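Asker: Structure below; questions to follow.
The values are calculated or read from the model by the stated rules, or taken from the named source; none is laboratory data. Treat the numbers as computed from the prediction; the structure is a model and nothing was measured. Cβ atoms come from the backbone with ideal geometry, glycine included; neighbour counts cover every protein chain shown. We work out accessible area using only protein heavy atoms, side chains counted, and drop any ligands, DNA or RNA first. Shrake-Rupley method; radii C 1.70, N 1.55, O 1.52, S 1.80 Å.
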Amino acid sequence: MRIIDLRSDTMTQPTDAMRRAMAEAEVGDDVFGEDPTVNQLEELAAERLGKEAALYVSSGTMGNLVSQLKHCGRGDEIILGSHAHTFFFEQGGSAAVGSIHPRTVPNQPDGKLALEDIEIAIRGDNVHFPRSRLILLENTHNLCNGCPLEIDYMKAVGEIARRHKLKIHVDGARIFNAAIALGVEPKDLTAEADSVSFCLSKGLAAPVGSMVCGTQDFINQARRARKVLGGGMRQAGVLAAAGIVALNEMVARLAEDHANAKKLALGLAEMPGISINPDDIQTNIVFFEVTREGMVPEEFVQKIDAEGIRMLPVGPQKVRAVTHYHITSADIDQALGVIAKVMSKVK
Ligand SMILES: Cc1ncc(COP(=O)(O)O)c(C=O)c1O
């Protein structure tokens, strides 16, 4: 039975072109700055995101952590969304490692932080308060249906940040999905950001790695933070080679993933016992609710798993499905067929 794995776009496997590039990569000791393939990837990433420099890190979590550590000192405060990946799923790393205080404001359903909420959260100069230092945005927003944040919104947050002398970090794990969905250049989405991290290992299908982009000075500091976290890698060019292929060959095709996600959402909207608004789905992440009485997401997921369809239960009612490079339009038909069967059998 072919498994149709919709749990995450992290399930993607390196393409043949990536495997070839990895086998042939020219390498050196990257802690000495001597790995030509890593250097090439870092230049390419910086250029794509419109920043001076970039740093190859092991994961999105590390990219977000080194960025927070470099923007903030002990006791400084970060304003971020209540549903931010960085807040929810990264072990509170900035607090655990950097003594940085998180200040959450509610994520709107489209992944934004309301501008007035940001303004209210910014601390005044008062001996009782931590110092507001950083605004952290997520684009696309994982837990908010993979919603992309548009350029105008970024400009509005940029204006607030400048007025209050705050920095902006964008967790752009899926920034290329955002750019493709909005039909804009990634660098235009990150122009207001002092730093941005993005993942090579999700929809872009590289096996390992994320990039942090920013000014040369910021990246020099981030390189030190990466080293103290144990993230200095040696002949990392074998991995970076796949990242170069990811950036050159895997971005434009993300539109297929978005079309498949929309098709899945439209199909699910027709199913009894499932609730979803297909208009909410703009990129590759599909959240839906199992509303059938007596059926919890875990049970739904187990039943479709038995038929070769994998999805992720999230919370008391929700299920997440993510489309990616290995999911075809025919796979979506297959998944919808299985779900229809499972839901029709449930009393
Ligand atoms: C929005 C977002 N940020 C950061 C990460 C962390 O990436 P990694 O798993 O590479 O640490 C993820 C992973 O799913 C994510 O979805």
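Asker: Where a Cα-Cα gap under 22 Å defines reach, which lysines qualify for Lys318, not counting those fewer than 8 residues away within the same chain?
Answerer: Lys112, Lys202, Lys262, Lys263, Lys303, Lys341, Lys345, Lys347
Asker: Could you grab the Rg to Rh ratio for the chain? Cα atoms only, Kirkwood for Rh.
Answerer: Rg divided by Rh gives 0.99.
Asker: Sorted from largest to smallest, which semi-axis lengths in Å does the alpha carbon gyration tensor of the range 1-72 give for its equivalent ellipsoid, taking the root of 5 times each eigenvalue?
Answerer: 26, 20, 12
Asker: Okay, moving on. Tell me which DSSP H helices of the chain clear both cut-offs, 15 Å or more of axial length from alpha-carbon atoms and a mean Kyte-Doolittle hydropathy of at least 0.0.
Answerer: Long hydrophobic helices here: 237-249, 254-269, 329-345.
Asker: For Cys72, what is the net charge nearby, where nearby means another residue's Cβ is under 10 Å from its Cβ and Lys, Arg count +1, Asp, Glu -1? Could you put the intermediate results ahead of the total?
Answerer: Numbers: positive: Lys70, Arg74, Arg131, Arg133, Lys167; negative: Asp76, Glu77.
It works out to a net charge of +3.
Asker: For the range 149-209, restrict the atom set to alpha-carbon positions and state the Rg and Dmax in Å.
Answerer: Computed over the Cα atoms of the range 149-209, radius of gyration and Dmax are 12.5, 40 Å.
Asker: Can you list the GluC sites (Glu not before Pro) in the range 239-338 that are in a DSSP coil and have 13 or fewer other beta carbons within 10 angstrom? Can you show the working numbers first?
Answerer: Details: sites: Glu249, Glu256, Glu270, Glu289, Glu293, Glu298, Glu299, Glu307; in loops: Glu270, Glu293, Glu307.
Sites meeting the loop and neighbour criteria: Glu270, Glu293.
Asker: So how far apart, in nm, are the two label points at Ala96 and Arg123 if each is 7 Å from Cα heading toward Cβ?
Answerer: So the label points at Ala96 and Arg123 sit 2.3 nm apart.
Asker: For the chain, what is the accessible area per residue in Å² when the probe is 1.4 Å?
Answerer: With the other protein chains kept in place, the chain gives 43 Å² per residue.
Asker: Explain nothing, just the number: dipole magnitude of the chain about its Cα centre with +1 on each Lys and Arg Cβ and -1 on each Asp and Glu Cβ, in debye rounded to the nearest 20.
Answerer: Details: 37 positive and 45 negative charges, 145 e Å.
That gives the chain a dipole magnitude of about 700 debye.
Asker: Shifting gears a bit: Quick one: if the Förster radius is 30 Å, what FRET efficiency do Ala252 and Arg131 give, using the C-beta to C-beta distance and rounding to 0.05? List each step's numbers first, then the result.
Answerer: On the way: r = 42 Å, r/R0 = 1.41.
With R0 = 30 Å, the Cβ-Cβ based efficiency is 0.10.
Asker: Something else now. With all protein chains present, how much of the accessible area of the chain (probe radius 1.4 Å) comes from carbon and sulfur, to the nearest whole percent?
Answerer: Exposed carbon and sulfur together represent 50 percent of the surface.
Asker: Still on this model: Calculate how large, on average over all directions, the projected area of the Cα convex hull of the range 212-347 is; give the answer in nm² to one decimal.
Answerer: Mean projected area of the Cα convex hull: 11.4 nm².
Asker: Now, a different point. Need one number: nm distance between label points at Ser275 and Ile3, each 7 Å from Cα along Cα→Cβ, rounded to one decimal.
Answerer: 3.2
Asker: Restricting to DSSP H runs of at least four residues, report the calculated mean residue ellipticity at 222 nm for the chain, -39500 (n - 2.57) per run over all residues, nearest 500 deg cm²/dmol. Don't skip to the answer; put the middle values down first.
Answerer: Numbers: 14 runs with 145 residues, N = 347.
When only DSSP H runs of four or more count, the value is -12500 deg cm²/dmol.
Asker: Also: Can you return the lysines within cross-link range of Lys165? Criterion is Cα-Cα under 20 Å, with same-chain partners fewer than 8 residues away left out.
Answerer: Hits, sequence-local ones excluded: Lys51, Lys70, Lys155.
Asker: Here is a further query. Between Cys72, Cys213, Cys147, where does the largest GNM mean-square fluctuation fall for the chain, given springs only between Cα atoms within less than 10 Å?
Answerer: Most flexible of the set in this elastic network: Cys72.
Asker: With a Förster radius of 35 Å, plug the Cβ-Cβ distance of Lys341 and Asp16 into 1/(1 + (r/R0)^6) and report the FRET value to the nearest 0.05.
Answerer: Once rounded, the FRET efficiency stands at 0.50.
Asker: Which net charge results when you count Lys and Arg as +1 and Asp and Glu as -1 among the other residues whose beta-carbon is under 9 Å from that of His85?
Answerer: Net of charged neighbours comes to -3.
Asker: Can you give me the P(r) profile for the range 83-217? Cα pairs, bins 5 angstrom wide beginning at 0, each as a whole percent.
Answerer: Going from the shortest bin to the longest, the percentages are 2, 10, 19, 24, 22, 14, 6, 2, 1, 0.
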